[in-house]
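Laboratory data are not the source of any read-out in this text; all were calculated from the coordinates shown. The structure presented is a predicted model; accordingly, all values stated were derived computationally and were not measured. Don't worry about glycine lacking a Cβ; one is built from the backbone with ideal geometry, like all the others, and counts go over all protein chains shown.
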Amino acid sequence: MALPLAVLVARWGAMAWGLSPRAAGLTAEPVAETINQLGLWALRALWLTLAVTPLRAVTGWNWLAAWRRPLGLWCFAYATLHLMVYVGLDMLGDLGLLWADVVKHRFILLGMAGWVMLLPLALTSPRAVARWLGGRRWRVLHRLAYVAGLAVAVHFLLRVKGFQIEPWIYAGLLALLLGLRRWPARAIMHWTRPRA
C-alpha cells in the first residue's frame, strides 16, 4: 500500500527538479491529480478492509484477519493526506474558501463526513484501546466503516462530471460487500462449496 504514495512523492520530487507536471506524470493539474490519486487509494484500502471478513467466510483463510488493521490504517492515512492536500494546496488553507466550497458541493461534505467516521476507527485500532473498550463495543464502533464506505461511494459518484463507469464499479463492489456482510458465514460457505 505504500507504493502509490512513494510514486506520488517521486513525481512531486521530479517536478521540484524542473520537470513539467505532465512529464512528471501528474497531468497539467498536479494538485487535482494528487487529490484524486490519494482519494482513490483511500477508497481502495477501505474496500479491501471491508472485504477481509467476507473473504475469510468464503475461503476459510483466517490469516486474512491480520490484514484488516493495517489496511484500515492505510485507508485512514490516504484519506488524511487526501484531505490535507485539498485543504492545504487546493484551498491554500483558507477556511472561508473551504466553507464556500463545502456549501457549494455536497460531495465535499460527504467526503469530510467519511473522514470523520474513519477517525475514531483509526484512534481505536491499537489492541490496548480495543481491550479497554471491550470486544462488543469495539465491534459496534467499527461498523462505522460501512457507513463511511457509503459516504465515500456517494462522494465519488457526485465528484465526477457526467457519467463515468469507475465510481459505479466501486459502488457496486460496496453493495456486494454489504450484501455478503448480511449473509451468515455458513450460507456463504454452502453457496460456494463445489457440488459433487
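Side notes on the structure shown:
- Virtual spin-label span in nm between A6 and R131, 7 Å along Cα→Cβ: 3.4 nm
- Distance from the alpha carbon centroid of region 55-72 to that of region 1-24 works out to 32 angstrom.
- Label point distance in nm, A23-L157, each placed 7 Å from Cα along Cα→Cβ: 4.3 nm
- Relative contact order [Cα under 8 Å, 6+ residues apart], region 30-192, whole percent: 28 percent
- The phi-based Karplus calculation (6.51 cos²θ - 1.76 cosθ + 1.60; θ = phi - 60°) puts the 3J(HN,Hα) values of region 25-34 at x, 10, 6, 6, 10, x, 5, 4, 5, 5 Hz, whole numbers, x for Gly and Pro.
- For a paramagnetic label modelled on R143 (point 7 Å from Cα along Cα→Cβ), amide N atoms under 12 Å away are absent within region 18-56.
- Option label - Cα Rg over 2.2 N^0.38 Å computed here, alternatives (1) 0.96; (2) 1.00; (3) 1.15: (3)
- Region 114-186: chymotrypsin sites (Phe, Trp or Tyr not before Pro) in DSSP loop, at most 13 other beta carbons within 10 Å: F163
- Theoretical FRET efficiency, 1/(1+(r/R0)^6), r = Cβ-Cβ of L97 and R69, R0 22 Å, to 0.05: 0.05
- Principal-axis analysis of the Cα atoms of the chain puts helix 65-85 at an angle of about 20° to the longest axis.
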